[in-house]
Amino acid sequence: MARRPYIVGNWKMHGTRAMLSEARAIDRAAQRLLKVEVAIAPPYTLIHPIHREAELIAVGAQDCHEAEGGAFTGDISAAMLADAGAQFVILGHSERREGHGESNDLVRAKAEAALAAGLKIILCCGENAATRESGEAIAFVRGQLAASLPRLPEGFADIAERITIAYEPIWAIGTGNTATPQDIGEMHAAIRALLIEQFGEEQGGDVRILYGGSVKPENAGEILRVADVGGALVGGASLTADSFMGIALAVGEPSDN
Ligand code: 13P
């Protein structure tokens, strides 16, 4: 089944209630772009307000703890996110891996906890500049992803509906440098092969693989046309409805309804 392109805004640590008007504008614009699936992951404090108001777009979180609950000051569980209205959670972002020392094992534990709580996940992977320059990017990302993917319980249904992968080369995040279409294509093909090994042809072939790293309205069309690119995970350019929906427009023409 070919899935709709998935355009996800990662607001990172940006956004107070003043940003609710942007979320509303994104939601309204998404209603004219039904060939694209649009979602935003705001800071925790905005999940519930956006969930309450949004008619179409999904709202998600940027991290969760791996435990169901307990004495973990400052942390948040997957069930709490679901209770606030989150439908998905981004896990293993390089800003968590690098800034908070998150290992592949921890990312995997979080992914398993999020799925168990009923959330969908967007699992991030990506190499740094040194690894890219050494020519080891594909081997590195393959290893990182293989070690971070959740082990699924017997009979787990809807793998491709519940799991999305995001390839975000660290050197492309917030820098204005994007990977070339050729590099993106090679990496996404390698990730696709791994997903098929893990989940089988049907499900692994259907999981969406997003590209992230300096995606803007100006470069989105070219990136999103690369084979095996199922959408984009967007940071800076997701903070205004104009630029975020410019990216969504690059994949889907406005629909009549
Ligand atoms: P930028 O789009 O700002 O480069 O951020 C990408 C990103 O990290 C999304 O998760």
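The values are calculated or read from the model by the stated rules, or taken from the named source; none is laboratory data. Owing to the predicted nature of the structure, the values given are computational and were not obtained by experimental measurement. We place every Cβ from the backbone using ideal geometry, glycine too, and count neighbours over all the protein chains shown. In case anyone asks, the SASA skips ligands and DNA or RNA and just uses the protein heavy atoms, side chains included. Shrake-Rupley method; radii C 1.70, N 1.55, O 1.52, S 1.80 Å.
Out of curiosity, is G204 small (G, A, S) and surrounded by fewer than 17 Cβ atoms within 10 Å (Cβ to Cβ)?
Numbers: small (G, A, S): yes; surrounded by fewer than 17 Cβ atoms within 10 Å (Cβ to Cβ): no.
So G204 fails the test.
For the stretch 92-109, how many residues are within 16 Å of the ligand (Cβ to nearest atom), closer than 27 Å to G155 by Cα and not β-branched (V, I, T)?
Initial filter on the stretch 92-109 (within 16 Å of the ligand (Cβ to nearest atom)): 92-100, 102, 107.
Next, from what is left, pick out any that are closer than 27 Å to G155 by Cα: 92, 107.
The next check asks that each one be not β-branched (V, I, T); those that pass are 92.
Residues in the stretch 92-109 being within 16 Å of the ligand (Cβ to nearest atom), closer than 27 Å to G155 by Cα and not β-branched (V, I, T): 1 in total.
For the stretch 83-109, name all the residues that are open to solvent by less than 10 Å² (accessible area, probe 1.4 Å) and part of a helix (DSSP H, G or I).
V107
Is it true that Q62 is surrounded by fewer than 23 Cβ atoms within 10 Å (Cβ to Cβ), within 16 Å of the ligand (Cβ to nearest atom), at pLDDT 95 or above and closer than 21 Å to A166 by Cβ? Write out each step before concluding.
On the way: surrounded by fewer than 23 Cβ atoms within 10 Å (Cβ to Cβ): yes; within 16 Å of the ligand (Cβ to nearest atom): yes; at pLDDT 95 or above: yes; closer than 21 Å to A166 by Cβ: yes.
When the stated conditions are applied, Q62 passes them.
Evaluate the following for E66: is it in a loop (DSSP other than H, G, I, E, B) and in contact with a helix residue (DSSP H, G or I) (Cβ under 7 Å, 6 or more places away or on another chain)?
Answer is yes for this residue.
Give G213, G246 a once-over and let me know the one that is at pLDDT 95 or above and surrounded by 21 or more Cβ atoms within 10 Å (Cβ to Cβ).
On the way: G246 fails: surrounded by 21 or more Cβ atoms within 10 Å (Cβ to Cβ).
Of the residues listed, the single one that is at pLDDT 95 or above and surrounded by 21 or more Cβ atoms within 10 Å (Cβ to Cβ) is G213.
Somewhere in the stretch 225-234, is a residue near the ligand (Cβ under 9 Å from one of its atoms) and either farther than 12 Å from Y6 by Cα or among the charged types (D, E, K, R) (or both)? Working first, answer last.
Of the stretch 225-234, the ones near the ligand (Cβ under 9 Å from one of its atoms) are 232-234.
Next cut, either farther than 12 Å from Y6 by Cα or among the charged types (D, E, K, R) (or both) only: none.
No, the stretch 225-234 contains no residue that is near the ligand (Cβ under 9 Å from one of its atoms) and either farther than 12 Å from Y6 by Cα or among the charged types (D, E, K, R) (or both).
What is the one condition in (1) of a type outside the set (D, E, K, R); (2) touching a helix residue (DSSP H, G or I) at 6+ places or on another chain (Cβ under 9 Å); (3) more than 27 Å from A157 (Cα to Cα) that G185 does not satisfy?
Against the list (1) of a type outside the set (D, E, K, R); (2) touching a helix residue (DSSP H, G or I) at 6+ places or on another chain (Cβ under 9 Å); (3) more than 27 Å from A157 (Cα to Cα), G185 comes up short only on (2).
Of the residues T178, T240, T164, which single one is within 16 Å of the ligand (Cβ to nearest atom), over 16 Å from the mean Cα position of the chain (by Cα) and at pLDDT 95 or above?
Values: T178 fails: at pLDDT 95 or above; T164 fails: over 16 Å from the mean Cα position of the chain (by Cα).
None of the others qualify; the one that does is T240.
Go through the stretch 113-141 and count every residue that is part of a loop (DSSP other than H, G, I, E, B) and away from the ligand (no atom under 16 Å from the Cβ).
Step one: list which residues in the stretch 113-141 are part of a loop (DSSP other than H, G, I, E, B), which gives 117-119, 126-128, 134-136.
From what's left, away from the ligand (no atom under 16 Å from the Cβ): 117-119, 134-136.
The qualifying residues number 6.
Going by the structure shown, is L233 more than 14 Å from G92 (Cβ to Cβ) and touching a Phe, Trp or Tyr at 6+ places or on another chain (Cβ under 9 Å)? Walk me through how you get there before you give the answer.
Details: more than 14 Å from G92 (Cβ to Cβ): no; touching a Phe, Trp or Tyr at 6+ places or on another chain (Cβ under 9 Å): yes.
When the stated conditions are applied, L233 does not pass them.
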